[in-house]
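First up is the structure itself, then whatever we jot down about it.
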Amino acid sequence: MIVVVKKNQNEKQVQNLMNWIRDLGLDVHVSRGENSTIIGLVGDTSKVDIDLVRSLDIVESVTRVQEPYKNANRKFHPEDTIVDVAGHKFGGKHFQIIAGPCSVESEKQIIEVAEAVKKAGATLLRGGAFKPRTSPYSFQGLGLDGLKLLKKAKAETGMPIVTELMSERMLDEYEDVDVIQIGARNMQNFDLLKAVGRVDKPILLKRGISATIEEWLMSAEYVMSEGNQNVILCERGIRTFEPYTRNTLDLSAIPILKERTHLPVIVDPSHASGVARLVRPLSLASVGAGADGLIIEVHNDPPHALCDGAQSLRPEQFDEVVQSVRPLLPVVHKEMDV
Ligand code: PEP
Ligand code: MN
């Protein structure tokens, strides 16, 4: 971190600032020029409140040269992290497709969809049991019954299951869940992040609706700093001024994350667009940008879906998406398990 002190400052105040920095356990490198004094902070600056330093009268500017995330930072862990979900690997040369309905609605629905997406090439089954809905009057998910049905679909198809956890209180019920999803709305629910950081299961961490990449990585850091290093990041679109799509898929986040973190990155083209016919082009673009996988909403009867029908693919449309993704994978040096 570099602090530039304003011109002609009282030396005592400059010394006070340096002593305060040293008291935080950091080394100070000072360079005195004709026009300004520059203080370099050396060491773990993650504990320095950058806004506090910026607000000091004698300070002209503060620049971070070191990212505040450590565990997630590629600088300290140059190789890709491979997250293994029951033998299906995320990261490195691996490419996985997670598919299933937005929410679990009935036994028939989840089993039918699970069988269809498995046949098409999906390796993991998604399905919400506890749904974070904008309106309290909308379908909230089947809750524990939904979890039971997911487990049934897992038993019948052998597919590992991915489902959202909304509250730490429910954690004990997630024992048979293979991947815990933390939804966009909970990306900064820090107590929940810490709780899943103490769990020995992979975490699918979706990007917050208006979260910066750094805020997102800091959320991954919350999970990892508690011990759980198995975090998969999921770009699911961010809110912009564009009304033609539900969200705007931030494709550039993929290569940026690949530079900055060793964690696997997947894309959710369903929530990113909100439009079923956009799922295929956005899936292809995501593969081209270097994603390690996709998570796609599929429903056996989209017009009657209780949640997110407009963005859900029918099984045969999902099959087409997988078929068009496959030939692209060798171009980006990736491969699917099946
Ligand atoms: C979902 O996956 O169904 C979901 C609610 O996603 P997000 O948290 O990205 O909105
Ligand atoms: Mn959904």
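Worth a mention:
- Cβ distances below 4.7 Å define possible disulfide partners, and in the chain the cysteines left without one are CYS234.
- Taking all Cα pairs closer than 8 Å and separated by 6 or more residues, the relative contact order of segment 2-63 comes to 46 percent.
- Across segment 321-336, computed HN-Hα scalar couplings (Karplus, 6.51 cos²θ - 1.76 cosθ + 1.60, θ = phi - 60°) run 4, 4, 4, 7, 6, 3, x, 7, 4, x, 4, 9, 6, 10, 9, 8 Hz from first to last residue, x flagging Gly and Pro.
- For VAL3, neighbours were defined as the other residues whose beta-carbon sits under 10 Å from its Cβ, and their charges (Lys and Arg +1, Asp and Glu -1) total 0.
- Cα gyration tensor, segment 2-63 - rounded (a/c under 1.5), prolate or oblate: prolate
- DSSP bridge pairs, the chain: antiparallel proportion in percent, nearest 5: 45
- Computed [θ] at 222 nm, deg cm²/dmol, the chain (DSSP H ≥ 4; -39,500 (n - 2.57); rounded to nearest 500): -9000 deg cm²/dmol
- Considering only segment 176-332, percent of DSSP beta bridges that pair antiparallel, nearest 5: 10
- Exposed GluC sites (Glu not before Pro) absent - longest run of the chain, DSSP non-H/G/I/E/B, at most 16 other C-beta within 10 Å: 227-338
- Carbon + sulfur, % of accessible area of the chain - ligands and nucleic acids excluded, 1.4 Å: 50
- Between segment 240-301 and segment 113-145, the alpha-carbon center distance in angstrom: 18
- Exposure ranking of TRP20, TRP216 by accessible area [1.4 Å probe, largest first]: TRP20, TRP216
- Helix 279-288 and the longest principal axis of the Cα set of the chain meet at an angle near 50°.
- Debye-sum result for the chain in log10 I(q)/I(0), which assumes one identical scatterer on each alpha carbon, at q = 0.11, 0.12, 0.14 Å⁻¹: -0.72, -0.82, -1.03
- Cα gyration tensor shape for segment 8-111, rounded if a/c is under 1.5, else prolate or oblate: prolate
- For the chain, the longest principal axis of the Cα atoms and the long axis of helix 107-120 meet at an angle of about 80 degrees.
The values are calculated or read from the model by the stated rules, or taken from the named source; none is laboratory data. Not measured: the values here are computed from a predicted model. In this analysis, Cβ positions are derived from the backbone assuming ideal geometry, glycine residues included, and neighbour counts consider all displayed protein chains. Protein only, heavy atoms only, side chains kept; ligands, DNA and RNA dropped before computing areas. Shrake-Rupley method; radii C 1.70, N 1.55, O 1.52, S 1.80 Å.
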